[in-house]
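Read the structure below first, then the notes.
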Amino acid sequence: MTALAALVLLPPAASAAEAPEVAKTVCAACHGVDGNSVAPTFPKLAGLQAEYLEKQMREFLTGKRKSEIMDASLPALKSADLPALASYYASQKPAAGSVSDEKLAAAGKAIFDDGNTASGVPACSGCHLAAAQGNERYPRLAGQHATYTVAQVQAFKAGTRSNDKARVMRAVAARMTEEEIAAVAEYIAGL
Ligand code: HEC
Ligand code: HEC
């Protein structure tokens with residue numbers, strides 16, 4: 001093969017961001033090398049905002065956010081370059097999610113877009129944006145595993161996840177029924 005042909009075959013620069021060592025050796029086991037985890041209990045990190053990812057990593061380290069499953073990775077996380085790790089995952093392309101129950105997802109769309117006026121659940125889109133893509137203040141939710149999303153909203157509701165500033169997510173989740181949580185998570189998974 002000529003040198004020119006070899007060059008042409010190289011992947012485009014955008015997808016060539018090299019994974020930090022810790023991402024390949026430690027985090028990949030659960031989150032996938034490119035942050036697209038396959039297991040529904042492990043969150044996808046690909047495409048989430050760097051600000052949000054770094055905040056979560058710091059809060060696992062300080063114990064402000066707790067997870068027994070993440071515990072074993074904390075020593076590795078402690079010595080890692082957090083901004084580099086966060087921007088690596090943020091720059092990865094999120095894998096498309098999927099919906100397994102169309103009817104449930106349709107019910108979820110109504111809550112996501114408009115909330116529930118009767119019980120005071122606000123529209124998720126008001127903060128996470130219309131396609132759940134998020135911004136530097138509110139995390140991307142689109143395409144996330146429904147199992148993970150359900151677990152997090154339940155954790156906010158129960159108060160076992162309490163690292164949301166100004167109790168915003170705890171106040172939202174407290175007003176939601178189990179049915180609404182399942183429906184909105186199903187809708188989000190397909191975005
Ligand atoms: C044994 C599996 C496992 C390993 C290894 C692991 N994680 Fe996690 N990670 C999880 C689970 C499970 C959660 C969800 C925790 C919860 O329930 O709040 C999580 C959550 C996260 C979150 C928050 C995601 C979000 O959407 O809020 C970040 C960021 C994260 N992990 C980064 C890392 C990094 C960086 C490493 C490597 C140093 C790592 N994880 C290693 C299982 C793992
Ligand atoms: C007033 C703004 C606001 C509204 C409305 C809102 N959220 Fe959030 N949400 C946030 C913020 C801020 C965070 C990040 C909390 C943190 O820093 O850990 C968050 C985090 C989350 C997370 C955790 C993401 C992850 O990767 O772990 C989920 C899931 C979530 N929101 C779901 C929802 C759903 C579903 C709705 C609608 C019923 C909703 N949110 C409405 C502000 C909002």
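The values are calculated or read from the model by the stated rules, or taken from the named source; none is laboratory data. Just so we're clear, the structure is a prediction, and the values are computed from it rather than from any experiment. Here Cβ is always computed from backbone atoms with ideal geometry, including for glycine, and neighbour counts include all displayed protein chains. Please note that ligands, DNA and RNA were not included when accessible areas were found on the heavy atoms of the full protein model with its side chains. Shrake-Rupley method; radii C 1.70, N 1.55, O 1.52, S 1.80 Å.
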Original post:
Under a no-solvent Debye model with one identical scatterer per Cα of the chain, what's log10 I(q)/I(0) at q = 0.09, 0.18 Å⁻¹?
Top reply: -0.36, -1.25
Original post:
Using the Cβ atoms and a cut-off under 15 Å, what net charge is assigned to the surroundings of G120, where Lys and Arg are +1 and Asp and Glu are -1?
Top reply: +2
Original post:
At what distance in angstrom do the alpha carbon centres of region 139-191 and region 31-64 lie from each other?
Top reply: 15
Original post:
When ligands, DNA and RNA are left out and all protein chains stay put, how many square angstrom of accessible area per residue does the chain have with a 1.4 Å probe?
Top reply: 55
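Please report, as a whole percent, how much of the solvent-accessible surface of the chain comes from carbon and sulfur atoms (probe radius 1.4 Å).
Values: 6460 of 10560 Å².
The computed percentage sits at 61.
Over the residues of region 102-189, compute the C-alpha Rg and express it relative to 2.2 N^0.38 Å. The partial results should precede the final answer.
Working: Rg = 11.7 Å, N = 88, 2.2 N^0.38 = 12.1 Å.
Compactness ratio reported: 0.97.
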Subject >> region 19-90: projected area of the alpha-carbon convex hull, averaged over directions, in nm² >> reply: 4.1
Subject >> Residues with amide H under 5 Å from that of Q92, placed H, sequence gap 5 or more >> reply: G47
**OP:** Could you list the trypsin sites (Lys or Arg not before Pro) in region 84-181 that lie in coil according to DSSP, counting only those with at most 11 other Cβ atoms within 10 Å of their Cβ?
**Re:** R137
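Would you list F42, F112 from the most to the least accessible area, probe 1.4 Å? Before the final figure, lay out each step's value.
Numbers: F42 50, F112 0 Å².
The residues order as F42, F112, largest area first.
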**OP:** Go through 143-151, 91-99, 31-39 and give me the packing order, highest mean Cβ count within 10 Å leading.
**Re:** 143-151, 31-39, 91-99
Subject >> For V121, residues with placed amide H under 5 Å, excluding near neighbours >> reply: N116
